[in-house]
Amino acid sequence: MKNLFADIIIANTNVDRPFTYLIPINLRDKVTRGCPVLIEFGKLTKKGYIIDIKEESDIDISKLKYITDIEKGGLSTDENLLRLAIWIKHRYGVTFDKAIATVMPVKSGMKEKSNNEIFLNGEIEESVLDELRRKRKTAGIRLLEELKKTFSLPQSYVNKELKVNSATIKKMVEEGYITVGTKKVKSNPLLPVLKSLGVDKFSEIQKPKEYILNEEQKQVTDIFKTDFCTGERNTYLLHGITGSGKTLVFINMIKYVISNGLQAIVLIPEISLTYQTVLRMVEYFGDRVAIINSKLSKNEKFYQFDRIKKDDADVIIGPRSAIFAPVKRLGLIVIDEEHDSAYKNESVPTFNIRDVAGKLAKIAGASLILASATPTPETYNRAINGEIKLLELKKRAKNTSLPKVSIVDMRDELKRGNRSIFSNKLKTLIEDRLRKHEQVMLFMNRRGYSSFVSCRFCGEAIKCKHCDVTMTLHNNNKLICHYCGYSVDLPKVCPSCGSKYIANFGTGTQKLEVMTREVFPNAKVLRMDTDSVSKKNSANDMIRDFARGDADILIGTQMIVKGHDFDNVTLVGIMAADTSLYVSNYNSAQRTFELLTQAAGRAGRAKTGEAVIQTYKPENYAIAAAAAQDYKKYFENEMAYRKLGGYPPTCYMLTVMFSSIKEEELNKCAIGIVGILKSDNKFKKSTIIGPTDPSVVKVKDYYRKLVYIKNTNYDILLDIQKKIEEGLNSYRNVGAVYDFN
Ligand SMILES: Nc1ncnc2c1ncn2[C@@H]1O[C@H](COP(=O)(O)OP(=O)(O)OP(=O)(O)O)[C@@H](O)[C@H]1O
Ligand SMILES: [Zn+2]
């Protein structure tokens, strides 16, 4: 019999390359690519992953060892994902283990606890429920009421979500209400997920309106289809103004891909904030949708992944990590709201999912669609250069035009004696909308009550004990650190000098809410920010309530600007447009343009609308371009700024954040390592900036230093990362986090 060889990547080592092993006869039928195996490596037994199986090898057979065994209970990685992991390892300079863990967000061993299902034993009369109510059997009632709607429910769901314990279930079985069985009658697999989005029954999901694509929409869809049917797989930027119907366009593209026997992954920034998009997917694709939701329990997540593995879904929708779903016939990846910062993975490896998705599309032979009204300059630049295909939608879908946007210079308001948070213009317009029973959204990019509290006597602001930032006042009279969550009661006297003249400055969403209620006492006001939506489902509850017209004014942080489609909103007020400009990051103008354009874009989607931008910096290019709703103008300015400063996309940039509890050692280390880099001839052509202080020096008791390294050659940055890692060996108390842009 001929020999069979396997190329294996060894986990838990620093060796990058694969090693060849012989496959023993007893394992021949069992091993596959991506399969975890045990091998002898040096004198140790190690775990590895098979990345290739072949019939020939150039290596002398006498030097090769046999694979010891297949690792029991290990989860094998899909071949595409394995290749993606290898790429992630190299691209972001992480260990292979880390890369594998990244592409396998659902671990083994989380099998659904026996697939027990609870069934209702026939109709439940109201009188039975009344009887239970009299006996105060609340858990039992909860269960029966749910079962009345769906007939059967997974036991895991009943235990976890309905909080009905096994003792109660046992009793109810004995009393003849329910039966526990296996999942013979399949309950709808999406129900638990939909419930978390506030939809109780599958029948509540409406059939989609059969829209006819308008001319523009048809044109771009046709370009995609033609490419796809001729076997061309591309990356596309779907750049459409707010409200141009991008969702409908990519739904049609997905339909086409499915009709070709393939599957699609749709990434959205955050499920609870984009539940309208999720529901639209379910409207169109029914139970062939799998939803990955970060709020799902591990079992529910495993269940969704299992469905995908069993080929029970054509469309997979979810946040970032849904890209790693075990899809077998991937034809299309869509990244909706491509610009959203939620696509950045902030922990190691710190990638943007856009880049990872781009690689996966190549590996799997799929197309990639990046959709946005405000694409990142990086992506738009690639479209301009012809690297990716540009598909444009320039008109709003419902025959309205973009909202009229006006800028109010708040310095002028002050000069005219208006000290209110509302400019005269905005106030008049809000009154007008309230009269007409139309809805208003007020966007403010800061939560809490006041941005900081300081002493009028000594001038000191109250700072967090653990972080080098001022604490934010919340309306429960607590000071909260937005970096670490540390909170204290508002002191009565200044902690620095003891004077009692402490006062709060600046405005957050909570104060805005109070003031809005004062100025418009008859309006129904709703506030949406991380403080008000901490409850499990309240974000989508609020969005739904507002869409139904339950409130006149919706106040909120960036949460309220994400792609929402409210027909009755005809006015958007942007309260302190400049807040995001003061963040010291080369992205701050981009972020500002994005937020303002997206916020303004919520107005007038179905009837004529208007937006007012209140600012102290009307001349800033991001603010001016957002007011003019002129992406190209913004892009030109942004690129000029990036070229001037030497920022991406004109080069690659590695940001290294050193951190340590010990300030002195941190300084010594950062200076020392920068010295090593600067004296190395190999890195001569790199721009090295720092070490400098980040805008917040201390977070959670850790001091931090930043070093920026720029180069037009990405590989050099990887070499530099290796060099830094070597250098760090001499400093026991310092760690580093790398961010490649
Ligand atoms: N061809 C069409 N005919 C009628 N209505 C349409 C059509 N296409 C889209 N719509 C409707 O237009 C509205 C806006 O669409 P959608 O939310 O997809 O816009 P968008 O491009 O994603 O905007 P944003 O970037 O602001 O999120 C939706 O209510 C949608 O149902
Ligand atoms: Zn803090």
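Quick note: the coordinates plus some simple rules give every number you see, no bench work behind them. Predicted, not measured: the structure shown is a model, and the values here were computed from it. Cβ: placed from backbone, ideal geometry, glycine included. Neighbour counts: every protein chain shown.
Miscellaneous remarks
- Loop trypsin sites (Lys or Arg not before Pro), region 436-491 (other Cβ atoms within 10 Å of the site Cβ: 15 or fewer; DSSP): Lys436, Arg456, Lys465
- Part-to-part distance (alpha-carbon centres) for region 485-506 and region 662-685, which is given in Å: 40 Å
- Put in order of Cβ neighbour count within 10 Å, fewest first, the listed residues Val348, Val334, Val315 become Val348, Val315, Val334.
- The Kirkwood hydrodynamic radius of the chain, based on inverse pair distances between different Cα atoms, is 29.0 Å.
- Lys46/Lys700 FRET efficiency (R0 41 Å; Cβ-Cβ; nearest 0.05): 0.70
- Here the simple spin-label model places points 7 Å from the Cα toward Cβ, and for Asn165 and Arg233 these points are separated by 5.2 nm.
- Cysteine residues of the chain whose C-beta has no other cysteine C-beta under 4.7 angstrom: Cys35, Cys229, Cys484, Cys651, Cys669.
- Distance in nm between pseudo-label sites at Ala503 and Glu175 (7 Å out along the Cβ direction from Cα): 6.3 nm
- Listed by Cβ neighbour count within 10 Å, with the fewest neighbours leading, Leu82, Leu332 appear as Leu82, Leu332.
- Looking at region 359-459, the GluC sites (Glu not before Pro) that sit in a DSSP loop and have at most 14 other Cβ atoms within 10 Å of their own Cβ are Glu387.
- Cross-linked pairs Lys148/Lys309; Lys209/Lys246; Lys30/Lys63; Lys225/Lys632; Lys359/Lys389; Lys362/Lys723: Cα-Cα separations exceed 21 Å for Lys148/Lys309; Lys30/Lys63; Lys225/Lys632; Lys362/Lys723.
- Gain in span if fully extended, Glu663 to Ile384, counting 0.36 nm per residue against the direct Cα distance: 95.9 nm
- Multiplying the residue separation of Ser347 and Glu725 by 0.36 nm and removing their Cα-Cα distance gives an extension gain of 134.3 nm.
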